[in-house]
Amino acid sequence: MTPGDKTTVEGDFLPRTSAQERLVQLGWIRRAHGIRGLVVIRRMNPDTEAFVKGARLFLQKGEEDGAWHSVRSIGGSGEDLRVGFKGVQDRSAAEALRGHGVFVHRSTLAEGDPDEFYFFELVGLSAVSAEGKLLGKVNGVIESPAHEILEVQGDVGELLVPFVDAYVGEIDLDAGQVVLHNTDDLILED
């Protein structure tokens with residue numbers, strides 16, 4: 001797809017494969033807001049500081065090619081923000097963005113202490129028992145009211161692991177693994 005193929009929005013287009021390797025999803029566009037091209041973005045983390053005027057955000061829907069857009073205005077608080085992008089000037093253009101994911105380069109996120117991590121960094125890690133037995137790979141992190149849950153897929157099925165000290169031990173991003181404890185207590189699903 002080339003920029004000329006997009007009729008309702010403008011942006012710098014990148015190949016999907018090269019962008020996805022470096023991008024982190026911060027939220028998604030829920031709907032258009034008003035008649036001046038604003039959209040409502042649901043943030044995955046209301047504390048993120050990536051949504052500021054002038055920020056460059058990558059918008060992509062499913063497997064479609066995405067585009068970089070600059071934030072021209074921002075308002076609201078909490079989970080939902082009202083955001084205007086340069087080149088998106090009317091409701092029709094904003095409606096075309098509904099359902100798009102909102103991404104940034106990993107390098108733009110704040111670096112924490114060496115023992116801190118983002119949940120997205122856990123996806124793809126090997127999950128091993130305290131004895132060193134491979135249990136599977138982390139497929140995702142599920143949010144729940146009580147705590148997050150690691151979704152681990154292995155040879156025996158899906159293992160849902162509460163992200164609490166009783167079950168999650170050492171996380172070593174460099175070694176590519178997370179150590180799980182008390183896995184016999186957990187329910188395996190097919």
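The values are calculated or read from the model by the stated rules, or taken from the named source; none is laboratory data. Remember, predicted model here, so these are calculated numbers, not experimental data. Because the Cβ atoms are built from the backbone with ideal geometry, glycine has one as well, and the counts that use them run over all protein chains shown.
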key: Criterion: touching a residue at least 60 places away in the same chain (Cβ under 8 Å) and within 17 Å of the chain's Cα centre (by Cα) - qualifying residue of 28, 68   = 28
task = Determine the pairs where a residue that is on the phi > 0 side of the Ramachandran plot, located within the range 71-97, has a partner that is at pLDDT 95 or above and surrounded by fewer than 16 Cβ atoms within 10 Å (Cβ to Cβ) with Cβ atoms under 7 Å apart, the partner being 6 or more residues away or on another chain.
result = 76/82
query = For the range 118-152, how many residues meet the condition of being touching a Gly at 6+ places or on another chain (Cβ under 9 Å), over 16 Å from residue 181 (Cα atoms) and in a strand (DSSP E or B)?
reply = 1
remark   = Filtering the range 153-173 down to residues that are in a strand (DSSP E or B) and free of Cβ contacts under 8 Å to residues at least 12 places away in the same chain yields 170, 172
query = Which residue, of 85, 58, is within 26 Å of residue 111 (Cβ to Cβ) and among the aromatic types (Phe, Trp, Tyr)?
reply = 58
